[in-house]
Amino acid sequence: MVLMRTTPEQKRATLVCNESLMFAARQHAKEMADSGVFAHTGPNGLGPNARVRAAGFILPAWYSTAPDGNNIESIAGGQPTAAAAWAAFMGSPAHRQHLLAEVDFYRAQTKYGVAYLNAPNSVFHDYWVILTAQDG
């Protein structure tokens with residue numbers, strides 16, 4: 001999402017798109033649309049940290065290894081445009097902190113993957129997944 005890189009409030013010095021994170025984001029958006037479950041944890045009990053590890057991204061050892069662990073993901077649903085999704089993220093203190101790297105923990109997460117999925121027959125119709133991570 002270009003808005004994450006260009007907003008003046010962004011605290012990360014750089015952001016680099018990562019294929020493994022893009023893959024994991026796309027898979028989760030599709031999983032939410034297909035299952036009707038809108039959550040960080042999928043129907044199989046796996047959260048973002050486990051999904052990106054399965055996609056081949058090596059997270060730092062101190063990141064949660066719990067099956068439902070999440071140190072890296074923001075999701076939105078029902079917003080038909082990137083601007084609307086970004087406004088929803090910025091209206092949520094936790095998502096804003098994550099996406100703008102307002103704390104040091106997130107500032108080190110300079111790799112990202114973003115997915116958008118329009119699924120007209122699903123509950124939310126539009127799904128947004130943003131993953132940011134630090135190399136392990």
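The values are calculated or read from the model by the stated rules, or taken from the named source; none is laboratory data. Everything numeric here is computed off the predicted structure, so don't read it as measured data. Every residue, glycine as well, gets a Cβ built from its backbone with ideal geometry; the counts of neighbours run over all protein chains shown. Please note that ligands, DNA and RNA were not included when accessible areas were found on the heavy atoms of the full protein model with its side chains. Shrake-Rupley method; radii C 1.70, N 1.55, O 1.52, S 1.80 Å.
Taking the criterion of being free of Cβ contacts under 8 Å to residues at least 40 places away in the same chain, of a type in the set (Phe, Trp, Tyr) and not in a helix (DSSP H, G or I), would at least one residue in the range 111-132 satisfy it? I'd like the intermediate steps shown before the answer.
So in the range 111-132, the residues free of Cβ contacts under 8 Å to residues at least 40 places away in the same chain come out as 118, 120-121.
Then keep just the ones that are of a type in the set (Phe, Trp, Tyr); that gives none.
Among the residues of the range 111-132, not one is free of Cβ contacts under 8 Å to residues at least 40 places away in the same chain, of a type in the set (Phe, Trp, Tyr) and not in a helix (DSSP H, G or I), which makes the answer no.
Sort out which residues of the range 72-102 are open to solvent by less than 50 Å² (accessible area, probe 1.4 Å), assigned to a loop (DSSP other than H, G, I, E, B) and either small (Gly, Ala, Ser) or over 14 Å from LEU3 (Cα atoms) (or both), and write them in order of number.
Within the range 72-102, ILE72, GLY78, GLN79, SER92, ALA101 qualify.
Please state which of the following conditions GLY69 fails to meet, knowing it meets all the rest: (1) open to solvent by 20 Å² or more (accessible area, probe 1.4 Å); (2) over 20 Å from VAL2 (Cα atoms); (3) in a loop (DSSP other than H, G, I, E, B).
The one condition GLY69 does not meet is (1).
Out of all the residues in the range 46-65, is one or more closer than 20 Å to SER122 by Cα, open to solvent by less than 70 Å² (accessible area, probe 1.4 Å) and in contact with an Asp or Glu (Cβ under 8 Å, 6 or more places away or on another chain)?
Here is the first cut: in the range 46-65, the residues closer than 20 Å to SER122 by Cα are none.
The answer is no, given that none of the residues of the range 46-65 is closer than 20 Å to SER122 by Cα, open to solvent by less than 70 Å² (accessible area, probe 1.4 Å) and in contact with an Asp or Glu (Cβ under 8 Å, 6 or more places away or on another chain).
Based on this model, can you work out whether LYS11 counts as on the phi < 0 side of the Ramachandran plot, charged (D, E, K, R) and in a helix (DSSP H, G or I)? Can you show your working first?
Details: on the phi < 0 side of the Ramachandran plot: yes; charged (D, E, K, R): yes; in a helix (DSSP H, G or I): no.
Answer is no for this residue.
Can you find a residue that is part of a loop (DSSP other than H, G, I, E, B), farther than 24 Å from VAL16 by Cα and touching a Phe, Trp or Tyr at 6+ places or on another chain (Cβ under 8 Å) anywhere in the range 51-63? Please lay out each step first, then the result.
Our first condition is that a residue be part of a loop (DSSP other than H, G, I, E, B); within the range 51-63, this holds for 55-63.
Restricting the remaining residues to those that are farther than 24 Å from VAL16 by Cα gives none.
Scanning the range 51-63, I find no residue that is part of a loop (DSSP other than H, G, I, E, B), farther than 24 Å from VAL16 by Cα and touching a Phe, Trp or Tyr at 6+ places or on another chain (Cβ under 8 Å), so the answer is no.
For the condition among the aromatic types (Phe, Trp, Tyr), open to solvent by 20 Å² or more (accessible area, probe 1.4 Å) and touching a His at 6+ places or on another chain (Cβ under 6 Å), what is the one hit in TYR106, TYR116?
TYR106
Among the residues of the range 13-35, which ones are open to solvent by less than 40 Å² (accessible area, probe 1.4 Å) and over 12 Å from ALA133 (Cβ atoms)?
HIS28, ALA29, MET32, ALA33
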